[in-house]
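The values are calculated or read from the model by the stated rules, or taken from the named source; none is laboratory data. None of these values were measured; they are calculated from a predicted model. Positions of Cβ are backbone-derived with ideal geometry, glycine not excepted, and every protein chain shown enters the neighbour counts. Protein only, heavy atoms only, side chains kept; ligands, DNA and RNA dropped before computing areas. Shrake-Rupley method; radii C 1.70, N 1.55, O 1.52, S 1.80 Å.
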Amino acid sequence: MKAVLKWVGLIVVGLALGSGLAVWQIRTGGLGNDVRVGPWTTGRDVGTADADIKTRAIVALRGLLALPAKEARYFTAATDSAGAPLSGKCRYAMTGGDIAARWWSVTLYDRGGWLIPNRWSRYSIGSARIPAGQAEHWTVQIGPDEQPGLWIPTGTDGPFELTLRAYRPQGEMARDPSRISLPTITKGECRP
């Protein structure tokens, strides 16, 4: 009887640990990672019938209200362009140009995929905020301290990630996102 209880206990612990690890991996994973463009990752199958079970689980937990691939393409960055993890203690310059979509936005989240509260109640920048004369070359500042112009506050000293949403993607953005150019993310000064 003791041996049976021991095995049952081990099975229960194994299932609990395995389930917890699976949920953690899905909650902390980006919206796909089979395509990398600089610091940005995406999945080719997000929003399609071809999505595998892991992609579907990630979208169900982190991509609430995700649109089909022909309507939106989603990219996530958890590192800067040099590969260092994004930190709320640092300032970053996100620099880009024309993004082949009808409209786009970049939103800052914690690693669990939730908005990070900040005293300015500012969480994203969209293409409508980019002045017409700067659409081909723009810079958005990201950091803990208020800055003039286009700026997203980090709202935390901890890690964060950025999600770029391209609505009604066009051209290569829609067909093969591995062949496009996306904004660079350059680290500036960091607080101690």
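When K89 is tested against (1) at pLDDT 95 or above; (2) out of contact with any Lys or Arg (no Cβ under 7 Å at 6 or more places or on another chain), exactly one condition is not met: (2). When we screen S178, S127 for residues that are farther than 20 Å from D110 by Cα, polar (S, T, N, Q), touching a strand residue (DSSP E or B) at 6+ places or on another chain (Cβ under 9 Å) and without any contact (Cβ under 8 Å) to a residue 40 or more places away in the chain, the only hit is S127. The residue that is surrounded by the most Cβ atoms within 10 Å (Cβ to Cβ), among those in the range 95-129 that are aromatic (F, W, Y) and part of a strand (DSSP E or B), is W104.
Within the range 130-148, the set of residues being closer than 19 Å to I99 by Cβ, assigned to a loop (DSSP other than H, G, I, E, B) and open to solvent by less than 70 Å² (accessible area, probe 1.4 Å) comprises I130, P131, A135.
For the range 162-171, the condition of being open to solvent by 80 Å² or more (accessible area, probe 1.4 Å) and either aromatic (F, W, Y) or not in a helix (DSSP H, G or I) (or both) holds for at least one residue.
Looking at this structure, is W40 open to solvent by 60 Å² or more (accessible area, probe 1.4 Å) and modelled with pLDDT of 95 or more? No.
Checked against (1) at pLDDT below 75; (2) open to solvent by less than 90 Å² (accessible area, probe 1.4 Å); (3) part of a loop (DSSP other than H, G, I, E, B), D50 passes all but a single condition, namely (2).
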